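Visitor: Before I ask anything, let me first share the structure, which is written out below as structure tokens.
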Amino acid sequence: MKNISLDITKAACFLQAGAVEAFEPKVKAAQEALENGTCPGNDFLGWLHLPTEITPAFLDEIEATAKVLRDNCEAVVVAGIGGSYLGARAVIEALSDSFGWLIQDGKNPTILFAGNNIGEDYLFELTEYLKGKKFGVINISKSGTTTETALTFRLLKKQCEAQRGKEEAKKVIVAVTDAKRGAARTCADKEGYKSFIIPDNVGGRFSVLTPVGLLPIACAGFDIKALVQGAQDMEKACGKDVPFTENLAAQYAAVRNGLYQSGKKIEIMVNYQPKLHFVSEWWKQLYGESEGKDKKGIFPASVDFTTDLHSMGQWIQDGERTIFETVISIEEPEKKLLFPSDEENLDGLNFLAGKRVDEVNKMAELGTRLAHVDGGVPNIRISVPKLNEYYIGQLIYFFEIGCGISGNVLGVNPFNQPGVEAYKKNMFALLDKPGYEEESKAIKARLESEN
């Protein structure tokens, strides 16, 4: 099977001749620092060789647990936030029937996502939907005290026990958490839930190939062994000894850093397949949380084309030239649909009769790329042969290793997220959480003075 491919020619042409190649020593040093564990955040490098370290027995255990949930649940709620749900949702939505949640044919449980917001209407409507349904829960949290997820899990645990009985509920609640510490681990041990470990050395946004992502994906009925195989093959294709010109991740890290240094501050992830929307959402967290620190970093944004060509297209074509695009292009769609002929031809589209809808989509993609490049927008193109588990696995690892290299080239710690804690501290102070008494006084005094 061939790999995904990368075309940087329409981005490198915006840089001085040899600019990408000039990054080779920096990129090589960055990747060696990852391999040698000498980079900042080196205690969070467990994802680096994770694909090749996953054993068949481990995947069998994941699939066995998924089967219990699939056999006993009409719906499975994945409770998690950030990296604890985005990776799984990206894969599931990319591979699912677009209207599968409406069909509900009984072959697969409906996979729902919660614990990623504090919307009261959302949670009320979720609990209403689950009334009378046989549902299970995958609670994903290292600490078990993340507000959004903990609040949601408390609601779902109570409801599941009320509807199924406590003993039966234990069979369909699974914890993915720390090996020894935290409220979620304590709860799982006390209640006797099946549990899986989030490795200490894998951060949330890099965790899709751990049980964090693999268990929900398996519950949705997808082939996690093919997913992991794709990641394993990409790990080899992006190894530290692969020549710079053949290493997709090294090339990606080099060209995006070159563009950043030339004044391109925003990277827009583009897709032409609606199924890839949450792949972009996962990518935004991966790169935004990894690189956005020390007052630097490329801002990750995303658009769904051709839909957003009728909204954001104007800005991208003619707005401030501080942007570049990375386009994910799917070479061959799973389904086939031909454009019909019409006798009256009122819309004037008979010239498309007999063509595949994807051919029209591909010409829209090519036409947009030409227009945007002509308009001063550098374009990187990632070509994916098919949208299946194997190639999604490749894409996941490509972006992960590309992020690790790129963050090191940028000169930041790609594996911490100190800025995420600021809002939590303020929220807890405003809610009068025990232990935040001094912070509560200070923030309330501040708000009174500002009023």
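The values are calculated or read from the model by the stated rules, or taken from the named source; none is laboratory data. Fair warning: this is a prediction, and the values are worked out from it, not measured in the lab. Positions of Cβ are backbone-derived with ideal geometry, glycine not excepted, and every protein chain shown enters the neighbour counts. Remember, those area values only see protein heavy atoms, side chains included, never the ligands or the DNA or RNA. Shrake-Rupley method; radii C 1.70, N 1.55, O 1.52, S 1.80 Å.
Visitor: What number comes out for accessible area per residue over the range 299-400 if the probe is 1.4 Å? Units Å², please.
Guide: Here the residues of the range 299-400 average 50 Å² of exposed surface.
Visitor: Determine the per residue accessible area of the range 18-80 with all protein chains present and a 1.4 angstrom probe, expressed in square angstrom.
Guide: 46
Visitor: Using DSSP to define loop residues, name the trypsin sites (Lys or Arg not before Pro) in the range 285-343 whose beta-carbon has at most 15 other beta-carbon atoms within 10 Å.
Guide: Lys295, Arg321, Lys335, Lys336
Visitor: At 1.4 Å probe radius, can you tell me the per residue accessible area of the range 206-284 in Å²?
Guide: Accessible area per residue, the range 206-284: 28 Å².
Visitor: If you average the C-alpha positions of the range 211-286 and of the range 62-131 separately, how far apart do those two centres end up, in angstrom?
Guide: 23
Visitor: Follow-up. Can you give the alpha-carbon Rg of the range 68-127 over 2.2 N^0.38 Å, where N counts its residues?
Guide: Against the compact-globule rule of thumb, the ratio is 1.17.
Visitor: Another one. Ranked highest first by average number of other Cβ atoms within 10 Å, how do 309-317, 222-230 line up?
Guide: The most tightly packed comes first, giving 222-230, 309-317.
Visitor: With Cβ to Cβ distances under 14 Å as the rule, what net charge do the other residues near Arg356 carry (K, R +1; D, E -1)?
Guide: Result for the local shell: -2.
Visitor: For the range 232-391, list log₁₀ I(q)/I(0) at each q in 0.12, 0.13, 0.16, 0.17 Å⁻¹, using the Debye formula over Cα point scatterers of equal strength and ignoring solvent, two decimals each.
Guide: So the normalised log intensities are -0.63, -0.73, -1.04, -1.15.
Visitor: In vacuum, with every alpha carbon of the range 41-198 counted as one equal point scatterer, what does the Debye formula give for log10 I(q)/I(0) at q = 0.20 Å⁻¹? Two decimals, please.
Guide: Once normalised to I(0) and log-transformed, intensities are -1.52.
Visitor: Note the count of lysine pairs whose C-alpha atoms are less than 16 angstrom apart in the range 16-159, limited to pairs 8 or more residues apart or on different chains.
Guide: 10
Visitor: State the percent of C-alpha pairs, over all pairs in the range 31-95, separated by a distance greater than 15 angstrom.
Guide: Here the long-distance tail beyond 15 Å is 72 percent of all Cα pairs in the range 31-95.
Visitor: Note down the nm distance, to one decimal, between modelled labels 7 Å out along Cα→Cβ at Glu128 and at Asn201.
Guide: Rounded to a tenth, the inter-label distance reads 4.8 nm.
Visitor: Then there is this: As a test of the formula, what do you get for the chain when each DSSP H run with n ≥ 4 contributes -39,500 (n - 2.57) and the sum is divided by the residue count, at 222 nm and rounded to the nearest 500 deg cm²/dmol?
Guide: Here the helix-only value at 222 nm equals -15000 deg cm²/dmol.
Visitor: Output the antiparallel fraction of DSSP beta bridges having both residues in the range 243-390, as a percent to the nearest 5.
Guide: In the range 243-390, DSSP labels about 10 percent of beta bridges as antiparallel.
Visitor: In the chain, what percentage of the DSSP-assigned beta bridges are antiparallel, given to the nearest 5?
Guide: 10
Visitor: Moving to a separate point now. Could you work out Rg/(2.2 N^0.38 Å) for the range 138-292, with Rg from alpha carbons only?
Guide: Scaled against compact globular proteins, the figure is 1.31.
Visitor: Here's another thing I want to ask about it. Pop the C-beta distance of Glu167 and Met1 into the FRET formula with R0 = 45 Å and round what comes out to the nearest 0.05.
Guide: 0.50
Visitor: In terms of modelled amide H atoms, which long-range or inter-chain residues lie less than 5 Å from the amide H of Gly136?
Guide: Amide H to amide H, under 5 Å and 5 or more residues apart or across chains, Gly136 pairs with Ala75, Val76, Val77.
Visitor: Hey, another quick one. May I ask you to give the average projected area over all directions of the convex hull of the Cα atoms of the range 358-406, in nm² rounded to one decimal?
Guide: 4.4
Visitor: How large, in percent, is the carbon and sulfur part of the accessible surface of the chain at a probe radius of 1.4 Å?
Guide: C and S fraction of accessible area: 54 percent.
Visitor: Ranked from highest to lowest mean number of other Cβ atoms within 10 Å per residue, what is the order of the peptides 420-428, 134-142?
Guide: Going from most to least packed, we get 134-142, 420-428.
Visitor: Take the Cα of Lys236, step 7 Å along the line toward its Cβ, and report every residue of the range 12-51 whose backbone nitrogen sits under 17 Å from that point.
Guide: 49-51
Visitor: Treating the range 327-451 as a set of equal point scatterers at the Cα positions, no solvent, please give the Debye-formula log₁₀ I(q)/I(0) at q = 0.10, 0.21, 0.22 Å⁻¹.
Guide: Those come out to -0.69, -1.20, -1.23, one per q.
Visitor: What number comes out for the charge environment of Phe135, summing +1 per Lys or Arg and -1 per Asp or Glu over other residues with Cβ under 11 Å away?
Guide: Surrounding charge for Phe135 is +3.
Visitor: Net charge within 9 Å of Gln417 by Cβ-Cβ distance, Lys/Arg positive one each and Asp/Glu negative one each, not counting Gln417 itself?
Guide: After counting each charged neighbour, the total is 0.
Visitor: Can you give the extra length, in nm with one decimal, that the chain gains between Lys336 and Thr186 once fully stretched, where that is 0.36 nm per residue apart less the Cα-Cα distance?
Guide: 49.0 nm
Visitor: Which of (1) 22.5; (2) 23.6; (3) 25.4 is the computed Kirkwood radius over Cα pairs in Å for the structure on display?
Guide: (2)
Visitor: While we're on this one: How much length is gained on full extension from Lys28 to Asn451, taking 0.36 nm per residue of separation minus their Cα-Cα distance?
Guide: Net length gain for the segment: 146.9 nm.
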